[in-house]
Amino acid sequence: MDDDLIDSDDLPLDRRSLLPGTGFFYPDSLDEDRSKQRAKAALDDAEAVVVTDSDADGLGCVALVREAHDAAVDAEPYLEEIEADLADEASADEDTTDIAADGDDGDAAAADDIDGPEPDLLDTEDDTPGSSVGLIAAGPHSLTKSLNYVAGYAEPGIDVYICDIAPDEYDEIAEPLETVVELADHVAWYDHHQWPDDVAEAVGEAGVDLVVGDSDAECSTDVALRSLDHEFDEQFVELAAATRDHDLWINDDPRSEDLADYAFWTDAEEYAAVVGAYGASLPDVVEEYIAERRVQKDQLIEKAVDRAAYKSIGPWTVGVTYGRCSQNEVADELRDEGADAAVIVKPSGSASIRGGDSFERAHLVARQVNGGGHPKAAGCKPDIYDDMMDFAYHWTTNGETAKRVILAAFERVAEEMDEADSADEDDAPDAEASDDE
């Protein structure tokens with residue numbers, strides 16, 4: 001296949017917002033080989049390893065664990081590379097005609113993909129600064145694989161930290177987790193998501209030091225900060241607070257959006273190194289990089305908001321849209337338009353479900369369509385894609401099938417809520433009968 005067909009950098013913004021990033025089109029087998037090699041490198045001679053979600057909250061935990069183990073990574077090589085890239089872009093822009101008015105990207109955005117850094121799956125060399133605390137980026141659907149890496153490649157006596165991930169079922173992770181517990185000197189799990197009681201109990205019984213914070217009050221970085229046996233400097237306290245500000249949608253600290261965007265757009269190792277060195281107050285060159293990227297981010301948010309439709313389901317108004325965009329900001333815009341909940345379907349086939357004070361059942365909706373999360377924020381990927389024809393239909397219909405099955409899940413949750421309310425009314429004592437007695 002011609003590389004240009006899957007490289008969306010030069011597409012007009014309208015078309016780019018409808019298609020997934022380049023990495024989507026790489027076969028899982030290539031990704032698996034690269035992931036395995038990176039895991040081996042992360043675990044080579046490591047005294048500890050962090051298996052974590054690669055958002056700002058999960059990577060904040062990495063910075064804390066490395067600080068506690070005196071294993072922080074030098075951030076300066078990363079900053080020098082950012083500075084060089086910005087200089088190259090500025091030089092290229094001097095020779096580029098601005099065609100943004102015609103709907104193309106023009107010189108308004110950085111060259112990287114809006115959905116984050118695209119991996120070069122044919123490049124297996126890793127020349128990033130090393131640490132004695134390894135980092136393995138994972139997620140709910142790749143946690144079993146990541147734990148298998150630790151079980152297969154880690155040295156006996158290693159310390160293992162699992163952060164910012166909540167499994168839906170214990171059976172899926174039981175075998176590798178129990179192997180890791182036998183291998184490791186200590187296994188800790190720091191999280192703040194909604195855990196099924198039986199899963200939390202099984203993880204604890206396996207020998208894991210599980211600490212789950214209140215998802216309405218703490219992020220996982222908060223949990224790591226109070227759980228690690230270390231006296232942290234104030235910059236790490238501020239990092240946890242700023243991370244919480246974004247992760248719990250408080251939005252009082254302007255630095256928190258910068259942290260979230262930077263973690264999303266850059267490599268996990270780079271983010272962990274930079275916040276480990278600077279905390280929540282990012283250096284000027286990183287702020288400049290974020291500003292460059294944010295121009296296109298705002299354009300894609302606007303595209304997604306313009307596509308939104310609104311549907312009344314039970315007591316809620318649900319705003320639903322499609323596109324390659326930053327889901328939190330889009331959800332905020334849809335709520336401003338009167339939506340109680342927002343559904344943002346992505347070209348990759350996944351979707352984000354966002355709620356608020358008037359809708360706190362996002363995790364219940366997501367669980368019905370192969371997902372999970374928080375009451376006010378959840379994610380899912382409906383099991384509706386059997387072949388590339390299904391994805392072709394997905395892209396050309398703005399995610400019609402995914403929207404339909406997710407909205408049907410909202411309807412089921414509304415019906416369950418009505419049934420629960422009816423049952424409560426039936427169980428309530430008869431007030432008039434009580435008075436007569």
Exercise. Please report, in debye to the nearest 20, how large the charge dipole of the stretch 3-300 is about its Cα centre when each Lys and Arg carries +1 at its beta carbon and each Asp and Glu carries -1 there.
Key: 840
Quiz item: Remind me, relative contact order of the chain in percent, using alpha carbon pairs under 8 angstrom and six or more residues apart?
Solution: 16
Quiz item: Under the Cβ-under-4.7 Å rule, which cysteines of the chain stay unpaired?
Solution: C219, C325, C380
Quiz item: Where does each of E81, E178, E231 land when they are ranked from fewest to most other beta-carbon atoms within 10 angstrom?
Solution: E231, E81, E178
Quiz item: When the gyration tensor of the stretch 224-379 is built from Cα positions, what are the square roots of 5 times its three eigenvalues, in whole Å, from largest to smallest?
Solution: 30, 19, 13
Quiz item: What is the diffusion coefficient of the stretch 308-424 in µm²/s, taking the Kirkwood radius over Cα pairs and the Stokes-Einstein relation at 10 °C with a viscosity of 1.306 mPa s?
Solution: 113
Practice problem: Return the subset of K36/K297; K303/K346; K40/K346 for which the Cα-Cα distance in this structure is over 23 Å, preserving the input order. | Solution: K36/K297; K40/K346
Self-check item: Net length gained if the chain between I250 and E425 were fully extended (0.36 nm per residue, minus Cα distance)
Solution: 59.5 nm
Quiz prompt | Chain lengthening between D14 and D197 when straightened (0.36 nm per residue, less Cα-Cα) | solution = 61.4 nm
Quiz prompt | the chain: DSSP helices with Cα axial extent of at least 27 Å and average Kyte-Doolittle hydropathy no lower than -1.0 | solution = 284-307, 400-427
Practice problem: Work out, step by step, the length gained on full extension between D28 and A174: first 0.36 nm times the residue separation, then minus their alpha carbon distance; give nm to one decimal. | Solution: 50.2 nm
Quiz item: Which value in deg cm²/dmol, rounded to the nearest 500, describes the helix-derived mean residue ellipticity at 222 nm for the chain, given -39,500 (n - 2.57) per DSSP H run of n ≥ 4 and division by the residue count?
Solution: -15000 deg cm²/dmol
Quiz item: What label, among (1) 35, 31, 21; (2) 40, 26, 19; (3) 31, 28, 22, belongs to semi-axes √(5λ) of the Cα gyration tensor in Å computed from the structure on display?
Solution: (1)
Quiz item: Placing +1 at every Lys and Arg Cβ and -1 at every Asp and Glu Cβ, with all other atoms neutral, what dipole size does the stretch 1-42 have around its Cα centre, in debye to the nearest 20?
Solution: 380
Practice problem: First select every other residue whose beta carbon is under 9 angstrom from the beta carbon of A56; then total the charges, Lys and Arg +1, Asp and Glu -1. | Solution: -4
Exercise. Return the Cα extents of the stretch 289-365 along principal axes one, two and three, sorted largest first, each rounded to a whole Å.
Key: 42, 25, 20
Quiz item: Picking from S54, V65, A174, whose Cα lies most toward the positive end of the charge dipole for the stretch 3-300 (charges on Cβ: Lys, Arg +1; Asp, Glu -1)?
Solution: A174
Quiz item: Taking other Cβ within 10 Å of each residue's Cβ, how do V73, V150, V343, V295 sort, fewest first?
Solution: V295, V73, V150, V343
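Each value in this text was obtained by applying a stated rule to the coordinates, not by laboratory testing. Nothing here was measured: the structure is a model prediction, and the numbers come from that model. Reconstructed Cβ throughout: ideal geometry from the backbone, glycine too, with neighbour counts over all protein chains shown.
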